[in-house]
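In what follows, a single structure is set out as structure tokens and then discussed.
The values are calculated or read from the model by the stated rules, or taken from the named source; none is laboratory data. Note that the structure is a prediction, hence the values are computed from the model and not measured. Reconstructed Cβ throughout: ideal geometry from the backbone, glycine too, with neighbour counts over all protein chains shown.
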Amino acid sequence: MRNISAKLISLAIAGAAAFGSAASFTASAAEPYDVYNYDRWGEAIPSQAGYIADRAVSGIDLGVGAFSSPSDIFRDHNDIFYIVDGGNNRIVAVNSELTEVVKVYDSFTMPDGSKTTLKNPQGVYVSAENDWLYIADNENSRVLIADLEGNVIKEITKPTSEVYDQKRTFLPQKVIADKAGNVYVVLGNITTGAAMFDPEGEFTGFYGANRVQPTAEIVGNYITSLFTSEEKKARRRRNVPTGITSFDIDGDFIFTCTSSSTQTTDTVKKLNAAGRNIFANMELAFGDYTPMYDTSQNKVLQPAICDIDIADDGNINCLDFTTGRVFQYDEDCNLLFITGTIAKQVGGFDHVAALETMGENLYVLDSQKDTVTVFVETDFGKIVHKATALHNAGYYEEALDPWYEVLKHDGNYRRAYVGVASALLRKGDYEGSMKYAELADSPRIYNKAFEGYRMDWLKAHFGQLILGLALIAVGLFMLARLAKKKKAAELAQHMAQEDAAAEAEHQQHVREAARKAVEEMAEQSENEGKEDEQNS
Amino acid sequence: MMDLTTKEWVKHAVTHPFEGFEDMRWKKSGSLKVAFLIVFLLFLATIADGRLYGFQFGVSYDKTFNIIPYIVKSIVLFAAWVVGNWSICTLLDGEGTMKNICIYSAYALVPYIAQVFITVILSHFLIQDEVVFIQAIRILGTGWTVILLFSAIKSVHQYSFGKTVFAIVLTIAAMLVMLFLLVLFMSLVQQVYIFLSTIYTEISYRIRV
């Protein structure tokens with residue numbers, strides 16, 4: 001009787017929540033925050049919401065009592081959600097609608113028939129291959145592998161291998177398994193990567209350690225270490241990278257994230273089977289580009305990606321602990337949407353812990369609010385996702401109409417301009433492509449479009465171009481000749497003038513000389529006359 | 001001999017890297033007006049270089065336009081060069097006056113300015129694969145200006161090769177010192193401004209109470 005009434009109440013609450021969500025949908029723009037995105041210059045600009053908070057589900061809504069510091073949420077291949085309720089030492093399996101509890105795992109049967117309980121579990125994973133449950137049983141220092149009925153199949157405890165420093169603790173935080181059955185465990189206080197175990201449960205080594213970020217201090221330390229003694233070196237604080245915080249597996253790749261207030265490199269990695277980071281040299285930044293400065297705490301709010309999830313369509317969702325935001329990237333790491341904030345309302349968070357996706361929905365687990373918040377895709381989100389998927393698969397022309405639709409919703413959405421420019425380029429509409437490439441601030445696409453445009457222009461105007469060039473050449477030639485002639489004429493005139501002047505001068509000389517001679521003669525005759533007078 | 005107009009003197013100086021400036025000095029020619037015009041063209045060229053390149057060669061931040069960096073990069077830089085060189089070479093027995101240093105240095109900038117305008121125009125017709133043409137013109141123009149500038153300093157002060165190198169290195173050091181003092185002065189002014197504004201705020205609060 002009591003059970004039935006509890007169920008009824010929970011149904012009523014769920015119904016009310018559903019009704020409330022419907023109401024909020026019609027009202028639209030119900031997010032308790034300003035939705036933004038980034039432009040080409042890394043500056044925040046207003047944008048349309050890709051996701052909208054639908055409802056928040058608590059343990060009470062599910063009828064299993066309030067969660068206590070839940071730390072992980074995982075969706076398996078049957079769309080069953082597993083919520084790790086660490087404070088209550090249990091794992092709650094919930095159906096895909098998040099309305100009914102399927103099963104509560106709080107004790108397991110060991111192979112020898114004895115019962116075992118969990119102690120502050122932190123992570124869960126269900127493999128699609130054999131329906132096994134992998135539980136990071138943190139304070140029991142073990143990874144529990146059980147079937148869905150709760151029968152323990154295997155237990156992984158602290159490795160005895162020499163590779164594993166025996167002074168270190170073994171505190172599993174997150175666990176995943178790959179298709180081959182290898183188990184990867186993120187451990188607290190271990191910075192050398194995730195511990196890797198083979199299907200038999202034997203420790204095989206560490207996987208995917210972060211690199212040390214080469215800050216000025218570390219480079220300086222390296223230089224001084226060249227001159228310091230061994231004793232001194234041994235006493236100095238070692239430079240260790242931050243350990244992995246969480247990871248997710250998608251096909252052959254493992255995506256890891258690192259939440260650190262100091263490290264900015266390697267915060268999100270895509271690792272192949274050999275442990276090589278595909279994103280290593282791509283200069284990507286995850287989280288907010290320009291960290292906010294918090295005046296009340298006098299510190300810069302560095303993004304701290306605390307969980308990562310790869311959606312079915314390949315989009316990468318990163319959960320930022322600092323700002324309570326989900327950053328969604330497409331598979332090429334282009335930012336799509338930013339969702340969530342730190343707030344009391346539905347859609348806002350206090351201490352985000354984990355992130356999961358199903359189809360078009362996002363599920364964010366908050367370890368302080370003790371709820372799972374469900375975000376559903378908006379119309380805008382739907383078009384963007386459709387366009388992005390087509391674009392990334394290479395169907396540029398098919399993506400053209402969705403991109404135009406995106407631009408109708410949000411004229412600031414840069415990816416849409418890139419998409420339209422690429423599609424028009426593929427179509428051969430170079431002029432349009434140039435226009436959109438300029439709007440998208442993408443010199444790369446503009447360059448290709450311009451190359452095509454120039455080629456077309458040359459083909460169309462080749463005759464005129466040659467004619468024009470010929471005319472210019474002839475014109476220049478004529479001009480040069482004219483100038484030469486003019487110069488020659490000027491020179492001739494100049495010379496003639498000089499000749500005339502010289503002639504005139506010469507004549508004047510002659511005239512003067514004649515005059516002088518005449519005067520002299522006259523003088524002489526006068527003198528002679530005088531002499532004559534004196535003589536006489 | 002060598003009775004050239006002002007325009008022809010610019011042409012002569014630019015096209016004769018080794019004797020051009022010597023000739024100019026011998027004939028005591030060169031116009032300050034033309035020098036200022038060239039520096040103004042340098043200012044325009046700096047803006048063109050930062051703003052008017054073809055879109056395929058990269059985008060410039062077009063949300064705001066701040067003219068101060070362009071002024072600093074052209075006019076202030078040139079002024080610092082002239083003043084720095086004059087103050088150094090006065091001590092190093094240089095024969096050039098401030099006016100002559102200004103004129104000769106400005107004339108030497110012509111190839112650089114020409115290069116900027118040519119590449120800016122070319123950048124609207126070329127694609128990224130053909131960037132080598134732009135680079136070649138850039139290197140040519142800039143190199144030519146460097147040679148001319150060297151020759152200008154050498155002739156204006158009547159220095160030997162080695163002494164010119166020495167003087168130029170010292171000039172650059174002097175420019176850095178000037179920059180340092182300028183920054184120091186700016187921060188001092190800022191401090192004084194903050195001090196005064198604090199006093200003003202304090203007094204205005206007291207008066208209100």
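If only residues of the range A:451-461 that are more than 11 Å from chain B (Cβ to nearest Cβ) and part of a helix (DSSP H, G or I) are counted, the one that is surrounded by the fewest Cβ atoms within 10 Å (Cβ to Cβ) is A:LYS459.
Do the conditions hold for A:GLU431, that is, is it surrounded by fewer than 23 Cβ atoms within 10 Å (Cβ to Cβ), on the phi < 0 side of the Ramachandran plot and more than 14 Å from chain B (Cβ to nearest Cβ)? In short, no.
Under the condition of being part of a loop (DSSP other than H, G, I, E, B) and acidic (Asp, Glu), the residues counted in the range A:131-163 number 3.
If you filter the range B:123-145 down to residues that are assigned to a helix (DSSP H, G or I) and aromatic (Phe, Trp, Tyr), you find that the one that is farthest from the chain's Cα centre (by Cα) is B:PHE133. Consider B:ILE118 carefully, then state whether it is away from chain A (no Cβ under 14 Å), modelled with pLDDT of 95 or more and over 18 Å from the mean Cα position of the chain (by Cα). When the stated conditions are applied, B:ILE118 passes them.
Every residue, every condition in (1) surrounded by fewer than 19 Cβ atoms within 10 Å (Cβ to Cβ); (2) away from chain B (no Cβ under 12 Å), yes or no:
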| residue | (1), (2) |
| --- | --- |
| A:HIS409 | yes, yes |
| A:ASN412 | yes, yes |
| A:GLY419 | no, yes |
| A:LYS435 | yes, no |
| A:LEU439 | yes, no |
| A:LYS448 | no, no |
| A:GLY463 | yes, yes |
| A:ILE466 | yes, yes |
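From the list B:LYS73, B:LYS99, B:LYS63, B:LYS154, the lone residue that is of a type in the set (Lys, Arg), part of a helix (DSSP H, G or I) and either crowded, with 17+ Cβ neighbours inside 10 Å or within 14 Å of chain A (Cβ to nearest Cβ) (or both) is B:LYS154. Entry remark, the range A:403-450: residues being in a helix (DSSP H, G or I), more than 23 Å from the chain's Cα centre (by Cα) and touching a residue at least 24 places away in the same chain (Cβ under 8 Å) number 6 in total. Within the range A:324-354, the residues that satisfy the criterion of being part of a loop (DSSP other than H, G, I, E, B) and out of contact with any Gly (no Cβ under 8 Å at 6 or more places or on another chain) are A:ASP332, A:CYS333, A:ASN334, A:LYS344, A:GLN345, A:HIS351. Of the residues examined, A:ASP350 is not one that is surrounded by fewer than 21 Cβ atoms within 10 Å (Cβ to Cβ), closer than 22 Å to A:ALA44 by Cβ and acidic (Asp, Glu). In this entry, B:ASP3 passes the filter for residues that are without any contact (Cβ under 8 Å) to a residue 40 or more places away in the chain, away from chain A (no Cβ under 14 Å) and either of a type in the set (Val, Ile, Thr) or loosely packed, with under 13 Cβ neighbours inside 10 Å (or both). Scan the range B:55-63 and give yes if some residue there is β-branched (Val, Ile, Thr) and over 22 Å from A:MET434 (Cα atoms), otherwise no. No, every residue in the range B:55-63 fails to be β-branched (Val, Ile, Thr) and over 22 Å from A:MET434 (Cα atoms). Counting only residues that are assigned to a loop (DSSP other than H, G, I, E, B) and closer than 20 Å to B:ILE147 by Cα, the range B:1-38 holds 5 of them. Looking across A:ALA146, A:ALA180, one residue alone is among the aliphatic types (A, V, I, L, M) and over 22 Å from A:GLY87 (Cα atoms). It is A:ALA180. None of B:VAL120, B:VAL116, B:VAL189 is surrounded by fewer than 17 Cβ atoms within 10 Å (Cβ to Cβ) and either assigned to a helix (DSSP H, G or I) or of a type outside the set (A, V, I, L, M, F, W, C) (or both) except B:VAL189. Within the range A:335-366, the residues that satisfy the criterion of being of a type in the set (S, T, N, Q) and closer than 23 Å to A:ASN95 by Cβ are A:THR357, A:ASN361.
Scanning the range B:76-94 for residues that are crowded, with 18+ Cβ neighbours inside 10 Å, in a helix (DSSP H, G or I) and more than 11 Å from the chain's Cα centre (by Cα) yields B:GLY84, B:ASN85, B:TRP86, B:ILE88, B:CYS89. Candidates in the range A:75-101 are the residues that are part of a loop (DSSP other than H, G, I, E, B) and acidic (Asp, Glu); of these, the one that is nearest to A:VAL124 (Cα to Cα) is A:ASP76.
Residues checked against (1) assigned by TED's automatic domain parsing to the domain that holds A:SER141; (2) modelled with pLDDT under 85; (3) not hydroxyl-bearing (Ser, Thr, Tyr):
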site: A:TYR184; (1), (2), (3): yes, no, no
site: A:THR191; (1), (2), (3): yes, no, no
site: A:GLY208; (1), (2), (3): yes, no, yes
site: A:ARG237; (1), (2), (3): yes, yes, yes
